[in-house]
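Data block below; observations after.
The values are calculated or read from the model by the stated rules, or taken from the named source; none is laboratory data. Not measured: the values here are computed from a predicted model. Cβ atoms come from the backbone with ideal geometry, glycine included; neighbour counts cover every protein chain shown.
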Amino acid sequence: MTGGNRGLGLAYARALGEAGARVALFARDRDLSDDVAADLRAEGLDVQAFTGDVTRVADLERATDEVEAAFGPVDVLVNNAGTCVHRPALEVTDEEWREVLDVNLTGVWNGCRVVGGRMVAAGRGVIVNIGSMSADIVNRPQWQPGYNASKAAVHHLTRSLAAEWAPAGVRVNALAPGYVRTEMAPVDRPEFQRYWIEDAPQQRAATPAEIAPSVVFLASDASSFMTGSVLTVDGGYSVY
Ligand code: NDP
């Protein structure tokens, strides 16, 4: 699990652990990850924290070696780490554009290459890439062009790898959440409330716990005939 020390990733880690998985968190903030892993262990779950940055292939290689030493081969990779710049196009700096694309797209690519490459060699594995409904809609009021473009690319990277790796026994799907209450999505700020809550069919944002069962489904044999799919869980927002 990339990310996993807060927000949606934490909910995914808890749900996967409750489903019986041994869970490895992989994020940059070592202290937070250690604390979260300890809290989840106190809940009876088998969770360990590993540290690194998804934009650095060497970090992923080292952490995957560490995870394999602790838990054995990785059966499921959830590429969840992400970032967002809430600004319209002409206010986004070159540095912010690169950061969003590096984390959200290249980070997923790095995870797929490093962990997915080992799955292909082993002839089995499941990858869940966290995309977004923002791949298909445009976020008002602050547009977030780099974020939207990065998530659209994640969805198509998912389809591409799914087709290429199906003969090797590796399934690759994406999950596309709608607005969810986390640090990334400031749903209660007045300028977002109008579009993200009042305009939503259910007139609310999701909690992370409402999204997590879909990751467990995509990670499990219950979805054994799914690959190259994008599962949208957005309370109906993207039908508009
Ligand atoms: P948060 O900002 O709450 O959490 C982001 C997570 O990603 C943290 O665990 C963070 O840990 C980790 N992370 C960020 N950058 C890196 C990096 N370079 N290397 C490793 N880990 C990193 O975001 P959410 O929980 O809201 O989002 C999680 C995913 O869900 C993202 O991909 C996001 O785009 C997607 N999503 C979110 C939606 C929402 O409404 N919240 C809607 C649709 C999709 P650390 O900082 O310690 O590295």
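Conditions tested, residue by residue: (1) of a type in the set (Phe, Trp, Tyr); (2) more than 10 Å from the ligand (Cβ to nearest atom); (3) farther than 27 Å from residue 169 by Cα; (4) buried (at least 16 other Cβ atoms within 10 Å of the Cβ).
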site: 1; (1), (2), (3), (4): no, no, no, yes
site: 27; (1), (2), (3), (4): no, no, yes, yes
site: 35; (1), (2), (3), (4): no, yes, yes, no
site: 38; (1), (2), (3), (4): no, yes, yes, no
site: 45; (1), (2), (3), (4): no, yes, yes, yes
site: 51; (1), (2), (3), (4): no, no, yes, yes
site: 69; (1), (2), (3), (4): no, yes, no, no
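Can we say residue 60 is modelled with pLDDT of 95 or more and under 28 Å from residue 179 (Cα atoms)? Taking the combined requirement at face value, the residue does not satisfy it. May I ask you to verify whether residue 23 is out of contact with any Leu (no Cβ under 9 Å at 6 or more places or on another chain) and away from the ligand (no atom under 11 Å from the Cβ)? Considered against the rule, which asks whether it is out of contact with any Leu (no Cβ under 9 Å at 6 or more places or on another chain) and away from the ligand (no atom under 11 Å from the Cβ), residue 23 comes out as no. Checked against the criterion of being buried (at least 20 other Cβ atoms within 10 Å of the Cβ), of a type in the set (Val, Ile, Thr) and without any contact (Cβ under 8 Å) to a residue 60 or more places away in the chain, the range 119-135 has at least one qualifying residue. Annotation: residue 126 fulfils all but one of (1) touching a Phe, Trp or Tyr at 6+ places or on another chain (Cβ under 6 Å); (2) farther than 25 Å from residue 235 by Cα; (3) not in a helix (DSSP H, G or I); the unmet one is (1).
Selection of the range 163-212 for residues being within 12 Å of the ligand (Cβ to nearest atom), more than 30 Å from residue 228 (Cα to Cα) and either exposed (fewer than 13 other Cβ atoms within 10 Å of the Cβ) or not hydrophobic (A, V, I, L, M, F, W, C) (or both) yields only 186. Cβ-Cβ distances below 8 Å connect the following pairs, each with a first residue in the range 179-192 that is within 19 Å of residue 11 (Cβ to Cβ) and assigned to a loop (DSSP other than H, G, I, E, B), a second residue that is more than 6 Å from the ligand (Cβ to nearest atom) and of a type in the set (Val, Ile, Thr), and a separation of six or more residues or different chains: 179/187; 179/197; 181/187; 181/207; 187/197.
Pairing each residue of the range 94-107 that is under 11 Å from residue 81 (Cβ atoms) with any residue that is small (Gly, Ala, Ser) and assigned to a helix (DSSP H, G or I), provided the two are 6+ apart or on different chains, yields C-beta distances under 6 Å for 104/150. Residue count for the range 132-162 under the criterion of being touching a Pro at 6+ places or on another chain (Cβ under 8 Å), within 13 Å of the ligand (Cβ to nearest atom) and not in a helix (DSSP H, G or I): the result is 1. You will find that of 27, 81, 58, 89, the residue that is farther than 21 Å from residue 158 by Cβ and within 14 Å of the chain's Cα centre (by Cα) is 27 and no other.
Residue count for the range 164-193 satisfying the condition of being over 15 Å from the mean Cα position of the chain (by Cα) and not charged (D, E, K, R): 11. Only one of the listed residues (74, 92, 100) is under 22 Å from residue 23 (Cβ atoms), surrounded by 15 or more Cβ atoms within 10 Å (Cβ to Cβ) and of a type in the set (Val, Ile, Thr). That residue is 74.
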